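**Q** Dropping a structure here in structure tokens format, bear with me for questions.
The values are calculated or read from the model by the stated rules, or taken from the named source; none is laboratory data. The structure presented is a predicted model; accordingly, all values stated were derived computationally and were not measured. Cβ atoms come from the backbone with ideal geometry, glycine included; neighbour counts cover every protein chain shown. The accessibility values were calculated without ligands, DNA or RNA, using every heavy atom of the protein model including side chains. Shrake-Rupley method; radii C 1.70, N 1.55, O 1.52, S 1.80 Å.
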Amino acid sequence: MSEGQLKSKAALGANPWVILANVSLGTFMSTLDGSIANVALPTIAGELGASIHVVQWVLTSYLLTICATLPIMGKISDMFGRSRIYNYGFLIFALGSALCGLSNSLGLLIGSRVIQALGAACLMSNSQAIVAEVFSSKGRGRAMGITGTMVSLGSLTGPGIGGILVEHLGWTSIFWINVPIGVIGFIAGLFILPKDRSKKENQPFDYTGSLLFMAGMFAFLYVISNGQDWGWVSPSVWVGGVVSLLVLAGFYFWEKRTRHPMLDFSLYRIPAFAIGNVTALLSFMALFFTNVLMPFYMQDVLGFSPAKTGYTMMVYPLVMAVVAPISGWLSDRIGSHSLTTAGLLVNALAFGLLNTLSTQESAWVVGLHLGLFGLGGGLFQSPNNSSIMGSVPRDKLGTAGGLNALVRNIGMVLGTSLSISLYSSRLNYLLPVSPGEPQAALSSLHTVFWTAMGICLVALLVSVQRLRIKRA
């Protein structure tokens with residue numbers, strides 16, 4: 001081994017797979033808390049004396065804070081070190097979780113969730129960047145497959161884990177469980193994470209751009225999240241939407257003229273990066289149509305119990321947990337182009353098959369349909385992440401990782417809001433003329449699933465451009 005290789009190995013620290021284990025822990029924990037509180041909301045509302053409408057901010061504040069700060073954390077990481085910011089994320093997340101567990105009022109709980117989300121943003125913005133740095137191109141796809149699996153397992157198993165904890169240990173347990181995990185992750189990270197090679201403390205931070213981005217993104221997602229309650233044609237939605245888009249436009253023009261931008265828009269000139277981000281946004285938007293509404297179908301139409309619904313929903317992440325590492329391994333050998341496109345095609349077909357479900361289905365039939373999404377998601381996400389992170393310069397990995405995670409979270413928020421809005425609007429239209437509520441609910445779900453299929457097909461058309469670029 002040459003002297004240069006020895007120095008490189010020393011700079012990277014511990015075995016890459018040990019580093020991946022630490023990163024997987026942080027990824028799972030941060031994505032888990034985006035959905036683990038879902039089933040606890042009725043209990044929290046009862047104990048803290050709040051309405052369900054208000055207590056929804058326990059979820060919304062977490063997601064909005066992550067979306068508003070992810071690119072900022074990515075930029076800070078490029079300036080001061082990815083491993084350092086990532087490891088601080090464990091501590092901040094553990095502190096926010098402890099404060100959540102100690103909260104005796106809804107306001108304190110929501111504020112604590114914001115602190116928790118800041119720690120999650122530190123973890124999310126750097127996990128893929130650290131993996132991309134410590135793994136060579138030959139092993140990067142498989143490693144990205146594992147982190148992609150952690151994202152899906154965290155996002156999709158949250159309600160099941162949360163339900164068990166709330167039932168046996170109370171709602172505060174869903175937050176206290178993070179504290180020892182966060183502390184252990186931080187201590188382990190001190191020893192095994194790669195040492196940051198270079199630091200850019202002298203580069204000025206773009207405070208103006210950061211404030212514009214946070215204000216615009218928070219306002220935009222706030223309007224989207226409340227559009228159904230306010231009415232999509234109400235003045236509040238139109239005024240709020242226009243103002244938020246104007247702020248984001250101001251952010252874009254500011255970033256184009258400042259010498260040290262927070263967000264480097266030149267990354268979007270890289271075809272693989274741009275296509276990967278667009279397809280990821282559309283894919284997560286479509287997939288969260290199922291994550292939000294399939295429980296409604298199983299409980300309200302089929303009459304499944306919450307436990308039976310939870311076990312059936314677990315088929316999706318379990319299949320993905322098997323497929324994602326395999327597709328990542330394959331992407332190291334045959335490239336990501338065909339795998340990502342195939343994954344989107346499988347998801348589109350799966351949405352089409354959901355429209356064949358009736359008001360009388362067994363759990364195993366529904367589980368088989370959800371397993372197709374695990375197959376499609378596993379084929380798509382790992383190679384797509386590897387393609388994105390492998391296309392950018394090393395000194396931009398933090399920014400790229402933050403943007404990739406941002407796109408994923410925006411897709412989740414948009415998918416949740418749009419699917420609920422579409423389902424509710426269609427259901428309200430059909431109930432007066434439908435022969436029964438289950439049939440009206442099923443027809444409304446079919447409208448949602450056809451829409452999701454259309455979104456997947458648009459993503460498929462974008463992804464096909466990878467094959468053209470590869471041939472060129």
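**Q** Using the membrane-span-like helix rule (whole DSSP H runs, Cα extent along the own axis of at least 24 Å, mean Kyte-Doolittle hydropathy at least 0.0), which helices of the chain qualify?
**A** Helices meeting the criterion: 57-80, 82-102, 106-134, 137-169, 207-230, 235-257, 271-296, 315-334, 337-354, 363-390, 397-430, 437-471.
**Q** Report the relative contact order of the chain, percent, no decimals, based on alpha-carbon pairs under 8 angstrom and at least 6 residues apart. Working shown, then result.
**A** Details: 796 pairs, mean separation 110.2, N = 472.
Computed value for the chain: 23 percent relative contact order.
**Q** With Cα Rg over 2.2 N^0.38 Å as the read-out, I listed (i) 0.95; (ii) 1.06; (iii) 1.53; which label goes with the value calculated from this structure?
**A** Derived directly from the coordinates: (i).
**Q** Continuing with the same structure: Can you work out the FRET efficiency for the pair Ser234 and His446, with r the C-beta to C-beta distance and R0 = 35 Å, to the nearest 0.05? Don't skip to the end; give the middle numbers.
**A** Working: r = 27 Å, r/R0 = 0.78.
Between Ser234 and His446 the formula returns 0.80.
**Q** Contour minus end-to-end for Leu91 and Leu461, with contour as 0.36 nm per residue of separation and end-to-end as the Cα-Cα distance?
**A** Working: separation 370, 0.36 × 370 = 133.20 nm, distance 4.18 nm.
Net length gain for the segment: 129.0 nm.
**Q** For the chain, which whole percent of the accessible surface, found with a 1.4 angstrom probe, sits on carbon and sulfur atoms? Please report the intermediate quantities before stating the final value.
**A** Working: 13000 of 19220 Å².
Carbon and sulfur atoms account for 68 percent of the accessible area of the chain.
**Q** Here's something else I'd like to know. Output the peptides 217-223, 363-369 sorted from most to least packed, where packing is the average of other Cβ atoms within 10 Å over each peptide's residues. Kindly include the intermediate steps, with their values, before the conclusion.
**A** Values: 217-223: 20.0, 363-369: 15.7.
Top of the packing list down: 217-223, 363-369.
**Q** Then there is this: Counting each DSSP H run of 4 or more residues in the chain as -39500 (n - 2.57), what helix-only mean residue ellipticity at 222 nm follows after dividing by all residues, to the nearest 500 deg cm²/dmol?
**A** On the way: 19 runs with 381 residues, N = 472.
Here the helix-only value at 222 nm equals -28000 deg cm²/dmol.
**Q** Let me ask something additional. When you count, for each residue, the other Cβ atoms within 10 Å and take the mean per peptide, how do 460-466, 231-237 rank with the highest first?
**A** Working: 460-466: 19.4, 231-237: 12.1.
Answer by packing, highest mean first, reads 460-466, 231-237.
**Q** Can you give me the accessible area per residue for the chain, using a 1.4 Å probe, in Å²? Each step should come with its number before you reach the end.
**A** On the way: 19220 Å² over 472 residues.
So the chain comes to 41 Å² accessible per residue, rounded to a whole number.
**Q** Still on this structure, please answer the following. Relative to the present Cα-Cα distance, how much length would full extension add between Gln439 and Ile192 at 0.36 nm per residue of separation? Don't jump to the answer; show the numbers that get you there.
**A** Numbers: separation 247, 0.36 × 247 = 88.92 nm, distance 5.52 nm.
The Gln439-Ile192 span can extend by a further 83.4 nm.
**Q** May I pose another question? Hey, what did region 313-472 get for relative contact order, percent, Cα under 8 Å, at least 6 apart?
**A** Details: 158 pairs, mean separation 55.6, N = 160.
Computed value for region 313-472: 35 percent relative contact order.
**Q** Tell me, in nm to one decimal, what length is gained between Val114 and Trp176 on full extension, where the rule is 0.36 nm per residue of separation less the Cα-Cα distance? Provide the component values of the computation, followed by the final result.
**A** Numbers: separation 62, 0.36 × 62 = 22.32 nm, distance 1.59 nm.
Taking 0.36 nm per residue and subtracting the Cα distance, the gain is 20.7 nm.
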